[in-house]
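Asker: Got a structure for you, questions after.
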Amino acid sequence: MTTPTGHIQIVSELPAAGDGEFLHLGRVFDDSVATTGHGDELRLGPGDLVFCDPARHRSPRFTADCRMTVLRLPRRHLALSEADLDRVTGMTVPGGEGVGALVSDLLITLATEAEAHGTRMIGQLTRSAADLLVVLVMELLQTEAEEDIPDQTSPGSEILDRIKTYVDEHLKDPDLSPQSIARANRISVRYLHKLFQDDGITVSQWVRRRRLDSCKWDLSRTPNRRTTVAAVAHRWGFSSPAHFSRTFKDAYGMSPREWQALAS
């Protein structure tokens, strides 16, 4: 069984080696035993999560009777280095607590209820899965040594404030991304994600929120509709008017046109 959700997919088993553009997160259904790349035994309980990459030596090998649901996520969504991918591969996460429990439950929802929900609901769940997976990976890597930070004397909150100011100044850039933000502020993408994680939000969520706030303000200033919704979406860096309208309605419970009419 394969459930497509945009660029993210839910599949019933691990793909073959060579699928290097994707990171795979498996959720096991029953008590399972796997073998690590070093030959050690790895025991997993129902709902537990494990990061897999068949092309990497550290990826665990499962028995033929192991049942699992696998989240297939493009690696570019995580912006991880090869070294970090090596560290993550083979890591296990308890599926009964914390972020691991949220991700575990979300995988089951995506895998078993996709056909019962419309495209809009599945899109929301997919975005949530991607955001939660970023948080989960950053949490797992938190115990690893942090990469060098340019200004060791600056508290994290000051760096975060500086980055948020940068984001506000570049919201109109459609290519604004964690990679471009990190590069412009001379920090690693991993440290950028950690700063926002400590603030209780992901980088992508923050950029989306600020863009929506700017669009909402613009629409309230143009109640006579001389400026179209499409023009506002383009001005603030959204990839398409349709994507903007869905995101706006998800956030505020009404379409951009409905908000524009209400503002008038």
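Asker: Is the shape of the range 184-234 best called rounded, prolate or oblate, per the rule: a/c under 1.5 gives rounded, else a/b larger than b/c gives prolate, else oblate, with a ≥ b ≥ c the square roots of the Cα gyration tensor eigenvalues?
Answerer: Cα axes put the range 184-234 in the prolate bin.
Asker: Now for a separate question. List Leu176, Leu71 from most exposed to least, where exposure is judged by having the fewest other Cβ atoms within 10 Å.
Answerer: Fewest-to-most Cβ neighbours within 10 Å comes out as Leu176, Leu71.
Asker: Express in nm, to one decimal, how much length is gained between Glu139 and Arg246 on full extension, taking 0.36 nm for each residue of separation and deducting their alpha carbon distance.
Answerer: Result for the pair: 35.5 nm of gain on full extension.
Asker: So what's the net charge close to Leu49: Lys and Arg +1, Asp and Glu -1, counting the other residues with Cβ under 13 Å from its Cβ?
Answerer: Combined, the nearby Lys, Arg, Asp and Glu give -3.
Asker: Sorting Met254, Met138 on the 10 Å Cβ count, fewest up front, what's the list?
Answerer: Ordered by Cβ neighbours within 10 Å, fewest first: Met254, Met138.
Asker: Could you list His24, His170 so that the one with the fewest beta carbons within 10 Å of its beta carbon is first and the one with the most is last?
Answerer: Fewest to most other Cβ atoms nearby, the residues stand as His170, His24.
Asker: Let me ask something additional. Which net charge results for the neighbourhood of Arg58, defined as the other residues with beta-carbon distances under 13 angstrom from its beta-carbon, given Lys and Arg at +1 and Asp and Glu at -1?
Answerer: That sum, taken over residues with Cβ under 13 Å, equals -2.
Asker: Please list the radius of gyration and Dmax for the range 153-264, considering alpha-carbon atoms only, with Å as the unit.
Answerer: 15.4, 50
Read-outs: derived from the displayed coordinates by stated rules, not from any lab. Keep in mind that this is a model prediction, so the values were computed, not measured. As a convention, Cβ positions derive from the backbone with ideal geometry for all residues, glycine included, and neighbour counts pool all protein chains shown.
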